[in-house]
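Student: Please read through the structure below; I'll follow up with questions.
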Amino acid sequence: MADWPIDPDLVAQANRRRSAELDYDYENLGERLARRGVAIDAITERLSRFGIAIPTWGVGTGGTRFARFPVPGEPRDVFEKLEDCAAIWQLSRATPTLSPHFPWDAVEAPEELRARAAAFGLGFDAVNSNTFQDLPGQALSYKFGSLAHSDARVREQAIAHNLECIRLGQALGSKALTVWIADGSNFPGQQHFARALTRYLDSMRVIYAALPDDWRVFIEHKLYEPALYATVISDWGTSYVCARELGPKAHCLVDLGHHAPTTNIEQIVARLISLGRLAGFHFNDSKYGDDDLDSGSIDPFQIFLVMNELVDAELRQVPGFDPAYMMDQSHNVTDPIESLVASAQNLQRGFAQALLVDREALLSHQERNDVLLARETLMSAFQTDVGPIVARARARAGGAIDPIAAYRESGYRDRKAKDRPQELSGRSGIV
Ligand SMILES: [Mn+2]
């Protein structure tokens with residue numbers, strides 16, 4: 001085991017100060033749940049097996065199109081990102097995997113990165129390709145697109161990058177490639193809708209053919225940004241059609257932020273489960289659009305309703321149901337480590353609440369058209385404060401009862417500010 005980023009004695013001390021209170025709250029909640037026929041330890045046990053991948057780009061501060069305000073001690077390379085991810089894992093015990101982004105995280109020796117992650121007990125979830133920006137030394141520009149570009153040479157360059165991502169991912173022990181493209185148009189008439197989609201599919205067929213047998217490819221849709229008029233993979237319908245065209249290893253990734261406000265995302269999730277094509281998630285939250293805010297910070301009810309569909313599918317033992325859970329957020333005004341810890345906690349909370357739904361009662365109310373009781377059955381699960389379950393699962397696994405407090409008490413950020421002097425840079429943030 002590698003040295004933990006935060007002194008384990010400090011975490012243990014902090015937990016000792018909080019354990020009596022947690023015992024009391026957990027017991028109390030256990031009694032209330034027992035009256036509903038729910039065994040609290042079974043919920044805690046299931047929750048402890050619910051893991052969410054940390055996006056490596058999430059440990060740096062993001063930005064808006066206007067500015068970026070770096071926090072002191074931001075990681076400067078992928079090994080420093082790994083250290084921050086290990087701190088999140090150490091405290092939260094909810095994030096056992098990383099989701100890297102290439103070429104941002106490209107390393108000469110991916111085996112070394114894999115070994116250093118494994119020393120913390122961390123593995124690698126889906127790898128992400130980046131064909132939405134021009135990087136130094138790149139031959140051709142992605143200004144007008146990548147996999148759907150009008151110029152075959154640009155498409156070939158973008159395909160080659162995705163193949164390289166698969167190679168790096170294999171070395172890291174990943175089993176999936178997430179392809180998000182920025183291709184689209186800013187103005188009516190700029191791009192031929194049908195030709196662009198055909199070119200995208202032709203490019204994706206080459207990438208699909210290169211997938212190892214036990215790999216999947218995740219197609220991520222997004223209705224706008226950076227293209228402001230039309231994107232090539234604009235919605236889950238397009239994503240699903242493309243997945244069907246490509247073959248059984250292609251699945252549809254749902255990024256909560258990539259939908260118009262008021263879209264019924266839980267229904268999209270249910271549809272993709274029924275169709276056998278749900279890849280998994282990029283979790284985040286938003287008030288108006290895009291994908292920047294911490295998961296569960298604006299609409300925790302939506303997280304619960306999505307989790308409700310996932311727990312339902314798990315209990316129904318839907319064949320092939322194996323979603324990948326990842327966060328995808330941009331942290332502009334918070335400490336990214338704190339935001340990721342808090343988001344993981346909010347996702348765990350939603351999952352635990354969904355585990356509390358009385359499925360038998362719900363089905364019975366639905367079948368008898370007892371609308372009010374069906375709704376109340378869901379609401380009584382959502383309105384349960386599952387905080388003690390989440391904290392107990394974390395503490396049992398060796399994490400912190402109060403991870404944000406323990407993080408602040410550890411002085412980790414101040415230490416990193418000294419260890420990692422930053423070069424002044426005007427680069428904009430992530431998207
Ligand atoms: Mn995303």
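Student: Looking only at the stretch 210-223, filter to residues that are within 19 Å of the chain's Cα centre (by Cα) and either modelled with pLDDT under 95 or over 22 Å from Asp292 (Cβ atoms) (or both); which one of those is surrounded by the fewest Cβ atoms within 10 Å (Cβ to Cβ)?
Tutor: Here the answer is Trp215.
Student: Quick one: which of Glu111, Glu156 is charged (D, E, K, R) and either within 30 Å of Ala344 (Cβ to Cβ) or in contact with a Ser or Thr (Cβ under 7 Å, 6 or more places away or on another chain) (or both)? Give the steps one after another, and end with the answer.
Tutor: Details: Glu156 fails: either within 30 Å of Ala344 (Cβ to Cβ) or in contact with a Ser or Thr (Cβ under 7 Å, 6 or more places away or on another chain) (or both).
From the options Glu111, Glu156, the qualifying one is Glu111.
Student: Separate question: Inspect the stretch 274-284 for any residue being surrounded by 24 or more Cβ atoms within 10 Å (Cβ to Cβ), part of a loop (DSSP other than H, G, I, E, B) and of a type in the set (D, E, K, R) and give the result as yes or no.
Tutor: no
Student: Looking only at the stretch 315-338, which residues are under 25 Å from Ser174 (Cα atoms) and either β-branched (Val, Ile, Thr) or over 13 Å from the mean Cα position of the chain (by Cα) (or both)?
Tutor: Result: Gln317, Val318, Pro319, Gly320, Phe321, Asp322, Pro336, Ile337.
Student: Here is a follow-up. Which one of these is modelled with pLDDT of 95 or more, away from the ligand (no atom under 16 Å from the Cβ), under 27 Å from Asn332 (Cβ atoms) and surrounded by fewer than 20 Cβ atoms within 10 Å (Cβ to Cβ): Leu246, Leu228?
Tutor: Answer to the check: Leu228.
Student: Out of all the residues in the stretch 166-224, which are among the basic types (Lys, Arg) and assigned to a loop (DSSP other than H, G, I, E, B)?
Tutor: Lys175, Lys222
Student: Moving to a separate point now. Considering (1) in contact with a strand residue (DSSP E or B) (Cβ under 6 Å, 6 or more places away or on another chain); (2) not in a loop (DSSP other than H, G, I, E, B), say which one Ala158 fails and leave the rest.
Tutor: Looking at each condition in turn, Ala158 falls short on (1).
Student: Can you tell me which of Asp255, Asp291, Asp285 is touching a strand residue (DSSP E or B) at 6+ places or on another chain (Cβ under 6 Å) and away from the ligand (no atom under 12 Å from the Cβ)? Spell out how you get there, then give the answer.
Tutor: Details: Asp255 fails: away from the ligand (no atom under 12 Å from the Cβ); Asp291 fails: away from the ligand (no atom under 12 Å from the Cβ).
Every option except Asp285 fails the conditions.
The values are calculated or read from the model by the stated rules, or taken from the named source; none is laboratory data. Keep in mind that this is a model prediction, so the values were computed, not measured. With ideal geometry, Cβ positions are generated from the backbone for all residues, glycine too; neighbour counts draw on all protein chains shown.
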